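One structure is given here, and the rest of the page talks about it.
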């Protein structure tokens with residue numbers, strides 16, 4: 001039977017999140033960069049916030065069920081996950097068009113300015129092995145547009161960014177279908193993964209991470225399909241290889257990516273041999289990583305020290321308070337509905353995903369969290385949010401895969417609608433704050449003023 005407390009806890013989480021989005025900009029504190037986007041936007045956004053907050057409050061406290069909302073949720077579910085692919089295609093195409101029309105004109109986050117400079121120097125540019133496939137693609141497209149200039153680089157990035165958004169929407173719909181069952185849990189999951197701070201990546205974002213997210217969404221959707229049906233292993237392998245070619249960060253998911261291959265072997269002997277090879281290769285990879293960490297200073301500098309930082313952030317380490325604060329900000333930035341995702345799992349029994357699917361998601365989540373905790377770009381997390389964000393994707397998918405469903409699901413259409421609004425509010429204000437040139441500049445300067453100014457001198461000059 002469903003737990004009444006489940007819906008209540010989710011409502012409280014939504015209300016707290018909504019209030020936090022409004023209060024954080026008023027605090028003037030440097031440690032709420034993940035939710036204080038309204039502080040950098042014009043007054044009209046505060047009016048929009050007030051309207052959204054009022055709508056959320058109404059949905060949370062309305063005493064009666066809204067029959068029309070229940071019907072709308074059912075129709076939306078049937079459109080997105082029905083037999084016809086046309087609604088999904090329209091959603092993806094609309095995302096591409098919106099991303100192109102509203103593409104960013106200022107590129108202060110990530111390494112955007114550096115890439116425009118490097119890829120605008122003609123035939124001489126910085127070769128980075130970590131993004132070799134992405135660089136090759138951008139250079140080829142620049143040549144097709146007439147040459148290697150900053151203008152062609154910006155145009156290519158904008159095009160790839162918008163196209164990536166379409167791929168993420170298309171594959172995200174399929175991913176939500178495989179993750180959860182039931183109308184409201186599935187809509188809840190879809191809002192979680194699409195109404196995200198990563199939406200900024202699909203509005204002309206100058207970096208390679210939009211491509212990476214598109215490839216990994218395809219990989220994750222293909223993997224869950226293969227684990228459910230036993231078909232399509234070739235698409236799992238192809239999408240993962242594409243992701244690695246785009247950015248080697250995808251190797252974080254290699255231990256999970258190997259599992260569908262291991263499970264594809266039939267027969268007890270072959271399966272045991274496959275598991276033996278999996279364990280042997282895993283142990284070898286771990287030994288190589290440990291050896292490289294001990295032998296190469298440059299690799300040690302990529303990881304945060306466990307205790308006690310290093311210049312220019314002596315107070316920043318894995319277990320430092322400021323690192324924890326940054327991680328909380330990042331989590332709320334990427335998944336504005338995080339508190340509700342956690343709250344929906346508090347009471348009662350949660351769904352257990354199928355054994356292979358559960359193992360796949362747990363392995364992916366574990367290695368993602370290790371990356372998130374240890375990677376050194378955390379020192380500049382507010383700027384380098386794009387590379388850090390991937391560490392949150394698999395853990396969130398694991399949480400969503402365990403959403404209560406069937407007769408144990410107590411979510412209402414009103415609660416899911418309020419959840420969609422709060423996710424849209426968080427993601428939309430972040431996107432808007434970085435698409436407007438004045439807002440993006442003010443926000444970036446505030447980050448420079450508050451922390452790590454020395455490591456961002458290049459961007460401030």
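Every read-out reported here was derived from the displayed coordinates using simple, explicitly stated rules and does not represent laboratory data. From a predicted model like this one, the values you see are computed outputs, not experimental measurements. No Cβ is skipped: glycine too gets one built from the backbone with ideal geometry, and neighbour counts run over all protein chains shown.
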- Message: At a 10 angstrom cut-off on C-beta neighbours, averaged per residue, how do the peptides 47-55, 209-217 rank from highest to lowest?
- Response: 209-217, 47-55
- Task: Apply 1/(1 + (r/R0)^6) to the Cβ-Cβ distance of residue 237 and residue 16, taking R0 = 35 Å, and write down the FRET efficiency to the nearest 0.05.
- Result: 0.25
- What fraction, in whole percent, of alpha-carbon pairs in the chain exceed 37 Å separation? 26 percent
- Message: With a cut-off of 8 Å between alpha carbons and a minimum separation of six or more residues, what is the relative contact order of segment 1-157 in percent?
- Response: 12 percent
- Cα gyration tensor of segment 1-144, axes a ≥ b ≥ c as square roots of the eigenvalues: rounded (a/c below 1.5), prolate (a/b > b/c) or oblate? oblate
- Gain in span if fully extended, residue 318 to residue 270, counting 0.36 nm per residue against the direct Cα distance: 13.2 nm
- Can you give the extra length, in nm with one decimal, that the chain gains between residue 8 and residue 27 once fully stretched, where that is 0.36 nm per residue apart less the Cα-Cα distance? 4.0 nm
- Ordered by packing density, taken as the mean number of other Cβ atoms within 10 Å over each peptide's residues, highest first, how do 9-20, 379-390, 275-286 rank? 379-390, 9-20, 275-286
- Query: Fewest to most neighbouring Cβ within 10 Å: what's the order for 227, 373, 41, 102?
  - Reply: 102, 373, 41, 227
- Query: Hey, rough spin-label estimate for residue 283 and residue 229, points 7 angstrom out along Cα→Cβ, what's it come to in nanometres?
  - Reply: 3.8 nm
- Task: Return a whole-number percent for the relative contact order of segment 128-200, with Cα pairs under 8 Å and 6 or more residues apart as the contact set.
- Result: 19 percent
- Label-point separation, residue 46 to residue 128 (7 Å along Cα→Cβ), nm: 3.8 nm
- Per-residue ellipticity at 222 nm for the chain, helices alone: DSSP H runs ≥ 4 residues times -39500 (n - 2.57), over residue total, nearest 500 deg cm²/dmol? -22000 deg cm²/dmol
- Query: Fewest to most neighbouring Cβ within 10 Å: what's the order for 238, 403?
  - Reply: 238, 403
- Item | the chain: relative contact order in percent, alpha carbon pairs under 8 Å with at least 6 residues between | 28 percent
- Measuring from a point 7 Å past the Cα of residue 90 along Cα-to-C-beta, which residues in segment 169-199 have an amide N at less than 19 Å? 169-174, 187, 191
- Chain lengthening between residue 254 and residue 290 when straightened (0.36 nm per residue, less Cα-Cα): 11.2 nm
